[in-house]
1. From the list 53, 44, which one is part of a helix (DSSP H, G or I), at pLDDT 95 or above and farther than 24 Å from residue 20 by Cβ?
2. Assess whether residue 270 counts as being surrounded by 20 or more Cβ atoms within 10 Å (Cβ to Cβ), within 22 Å of residue 160 (Cβ to Cβ) and modelled with pLDDT of 95 or more.
3. Of all residues in segment 75-100, how many are touching a strand residue (DSSP E or B) at 6+ places or on another chain (Cβ under 8 Å) and either part of a helix (DSSP H, G or I) or not assigned by TED's automatic domain parsing to the domain that holds residue 47 (or both)?
4. Does residue 187 satisfy being within 23 Å of the chain's Cα centre (by Cα), away from the ligand (no atom under 11 Å from the Cβ), in the same structural domain as residue 141 (by TED's automatic domain parsing) and touching a residue at least 40 places away in the same chain (Cβ under 8 Å)?
5. Regarding residue 46, is this residue in contact (Cβ under 8 Å) with a residue 24 or more places away in the chain, on the phi > 0 side of the Ramachandran plot, within 18 Å of the chain's Cα centre (by Cα) and surrounded by 14 or more Cβ atoms within 10 Å (Cβ to Cβ)?
6. Within segment 193-215, can you find the residues that are surrounded by 15 or more Cβ atoms within 10 Å (Cβ to Cβ) and either in contact (Cβ under 8 Å) with a residue 60 or more places away in the chain or over 7 Å from residue 249 (Cα atoms) (or both)?
7. If I filter segment 153-161 for residues that are part of a helix (DSSP H, G or I) and touching a residue at least 24 places away in the same chain (Cβ under 8 Å), do I get at least one hit?
8. How about segment 73-121: which of its residues are in contact with a helix residue (DSSP H, G or I) (Cβ under 8 Å, 6 or more places away or on another chain) and on the phi > 0 side of the Ramachandran plot?
Ligand code: SAM
């Protein structure tokens, strides 16, 4: 069947085998930040991720699946839902899937979604909430892992300060393992973050190698908490560190200078959540 010819099966499913198809060219261009920014969309790979997204109320703009998936109940259901909501459904060859994902063994189901970013002035802090704020995070794997960890720890969201890596890059989305759909993301300049923090007055805890307090001694309960993490290379700048009510240190043994940013975030975050959720100490064996 030729490109962009609707199949008789569903009526609105396009069967595509050519890499020069303009729709495929557009989807492949989503590997570039410029195109993601222009279209306000991004790509997520894998049936589980796509199902997670739908369950969380995200609408699919374009669903793409391998021919071999045709007839599989879950795929058919998602395809029908996508068409019903005005999205496009493409059944493609393995060659096309490999080209879109730039992987030899691509996921058999991928989808294009609209990006979602929450404005900081829409964030209404609640006493039991913990937010993670990241200063100029550079590494997509770190950012994805932090979004996933924030989700697992029950954090309220992740605030991206300054010039950060794109949260909707394929690498970041992959590393979130689906949590990109569950965790609200805020993007903000350093100046706007400082102004907001002064006004909203959360317990702002900076994570700092030279922190004066052990992160385990802080009382995280009773107020909304924002855990502020520094950049991978430079750490927290003085402008942000000075705004913090506490500067916390994770005690280290051994010769490592510091912890990886995502690991440090996980350690701090689970401690803060333990207080807020009143999980208490684990039962003894
Ligand atoms: N050279 C950087 C510096 O001087 O801060 C190292 C940055 S570290 C890789 C990235 C971030 O993880 C730090 O800015 C801090 O927020 C957090 N971090 C890493 N290890 C930490 C520790 N032992 N205590 C507190 N925060 C830590």
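The values are calculated or read from the model by the stated rules, or taken from the named source; none is laboratory data. Remember, it's a predicted structure, so these values are computed and weren't measured experimentally. Note that each Cβ is placed from the backbone with ideal geometry, even for glycine, and that neighbours are counted across all protein chains shown.
1. None of the others qualify; the one that does is 53.
2. no
3. Within segment 75-100, the subset touching a strand residue (DSSP E or B) at 6+ places or on another chain (Cβ under 8 Å) is 75, 78-79, 81-83, 85, 87-94, 96-97, 100.
Now narrow it down to the ones that are either part of a helix (DSSP H, G or I) or not assigned by TED's automatic domain parsing to the domain that holds residue 47 (or both): 75, 78-79, 81-83, 94, 96-97, 100.
Here the count works out to 10.
4. Judged against the criteria, residue 187 is a match.
5. Criteria met by residue 46.
6. Scanning segment 193-215 gives 193, 194, 196, 197, 200, 202, 203, 204, 205, 206, 207.
7. yes
8. 102 - this is the single residue of segment 73-121 that is in contact with a helix residue (DSSP H, G or I) (Cβ under 8 Å, 6 or more places away or on another chain) and on the phi > 0 side of the Ramachandran plot.
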